[in-house]
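The structure under discussion appears below in the form of structure tokens.
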Ligand SMILES: Cc1cc2nc3c(=O)[nH]c(=O)nc-3n(C[C@H](O)[C@H](O)[C@H](O)COP(=O)(O)O)c2cc1C
């Protein structure tokens with residue numbers, strides 16, 4: 001449960017900043033303070049801090065170990081795993097853009113058997129809780145993966161709803177409330193661990209999809225995946241990406257992601273994993289204030305594979321300086337500000 005805000009709506013400790021006295025405390029007491037400041041709760045899952053990798057941007061964390069001590073992250077999220085290997089999209093797959101990147105990887109991965117045998121044990125050995133992101137072309141794919149990964153004892157699942165439903169006429173799960181609800185209900189029936197629904201921003205009203213995921217029994221929402229974009233090589237008269245369009249990520253999408261997290265916070269009671277353009281602790285804290293219970297860092301890890309661990313450290317210092325905690329900050333915007341929904345005036 002969230003700590004209640006003050007009567008003024010300002011998170012309790014932000015209203016009366018305190019000094020950072022605990023730097024002088026003995027080690028064990030300091031560890032206790034760190035735990036209290038950064039701890040967050042995602043339904044039944046308690047995380048030591050709210051910072052985790054975004055699916056597909058940090059592999060399984062294995063290469064990242066060379067750059068930083070990853071044991072202090074809140075969680076590790078895998079790249080999307082499918083039932084059988086997927087070969088992904090033709091090159092070119094990545095383009096740098098102003099303040100971000102476009103990718104069209106196409107969910108390339110070696111499939112569930114390989115992941116369970118080779119990747120998962122190594123990923124677990126890193127230390128933080130492991131969230132496995134699953135994808136598929138039918139609800140049955142999601143169900144099969146949910147059963148297998150639950151049995152393998154992963155800490156949680158994240159369902160990548162931005163997959164085409166082949167049986168449903170190649171409509172993306174994430175753009176259709178009914179398909180979202182059905183997929184989440186079936187996954188929940190099969191899973192024995194918490195399940196997060198990862199939503200696409202490429203919809204008119206993300207709250208409709210979030211409510212559908214909640215109705216289907218999701219334990220939480222991840223918002224957002226990439227925004228569809230395109231890059232053009234006009235000299236050659238063709239698109240730069242092999243599949244013409246791709247997903248835009250990075251700081252360019254941060255204001256959109258923040259707005260969507262805020263709207264989803266108004267719409268559902270579930271824990272939210274905020275994602276999109278987070279590159280610093282300041283960014284991450286904005287997502288928490290907008291209503292996220294934890295954050296995922298994606299594109300920023302390409303620039304600096306140690307960025308996530310730095311965000312954890314910086315976040316602790318910023319919160320201590322402000323005299324508040326993650327749990328007190330979560331949703332502060334809703335408590336203090338007017339929260340226009342779809343009726344917000346367009347500039
Ligand atoms: C190269 C790349 C690969 C990605 N692969 C996946 C994926 O396999 N599954 C998924 O759910 N999201 C995937 N994403 C989306 C990210 O997890 C994240 O939602 C998005 O990039 C926004 O966060 P960011 O701006 O911090 O990168 C990918 C993003 C990038 C840039």
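The values are calculated or read from the model by the stated rules, or taken from the named source; none is laboratory data. Please read all numbers here as calculations on a predicted model, not as lab measurements. Quick reminder, even Gly has a Cβ in these numbers, built from the backbone with ideal geometry, and neighbours come from all protein chains shown.
Structure notes:
- Odd one out for residue 241 among (1) closer than 25 Å to residue 88 by Cβ; (2) touching a strand residue (DSSP E or B) at 6+ places or on another chain (Cβ under 6 Å); (3) assigned to a loop (DSSP other than H, G, I, E, B): (2)
- The residues in the range 48-75 that are assigned to a strand (DSSP E or B) and closer than 15 Å to residue 196 by Cα can be counted, and the count is 3.
Residue-wise test of (1) within 11 Å of the ligand (Cβ to nearest atom); (2) surrounded by 22 or more Cβ atoms within 10 Å (Cβ to Cβ); (3) modelled with pLDDT under 95; (4) outside any loop (DSSP other than H, G, I, E, B).
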{"site": "252", "(1), (2), (3), (4)": "yes, no, no, yes"}
{"site": "255", "(1), (2), (3), (4)": "no, no, no, yes"}
{"site": "259", "(1), (2), (3), (4)": "no, no, no, yes"}
{"site": "274", "(1), (2), (3), (4)": "yes, yes, no, yes"}
{"site": "283", "(1), (2), (3), (4)": "yes, no, no, yes"}
{"site": "288", "(1), (2), (3), (4)": "no, yes, no, yes"}
{"site": "292", "(1), (2), (3), (4)": "no, yes, no, no"}
{"site": "295", "(1), (2), (3), (4)": "yes, yes, no, yes"}
{"site": "305", "(1), (2), (3), (4)": "no, no, no, no"}
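- Residue-level analysis places residue 203 outside the set of residues that are in a helix (DSSP H, G or I), more than 10 Å from the ligand (Cβ to nearest atom) and either farther than 22 Å from residue 177 by Cα or at pLDDT 95 or above (or both).
- Just one of the listed residues (190, 215, 197) is under 27 Å from residue 148 (Cβ atoms), modelled with pLDDT of 95 or more and within 16 Å of the ligand (Cβ to nearest atom), namely 197.
- Considering residues of the range 128-146 that are outside any loop (DSSP other than H, G, I, E, B) and under 27 Å from residue 297 (Cβ atoms) only, the residue nearest to the ligand (Cβ to nearest atom): 133
- Subset of the range 70-100 (residues that are within 11 Å of the ligand (Cβ to nearest atom) and under 20 Å from residue 52 (Cα atoms)): 77, 78, 79, 80, 81, 100
- Condition check for residue 228: within 14 Å of the ligand (Cβ to nearest atom), touching a residue at least 12 places away in the same chain (Cβ under 8 Å) and not in a loop (DSSP other than H, G, I, E, B): yes
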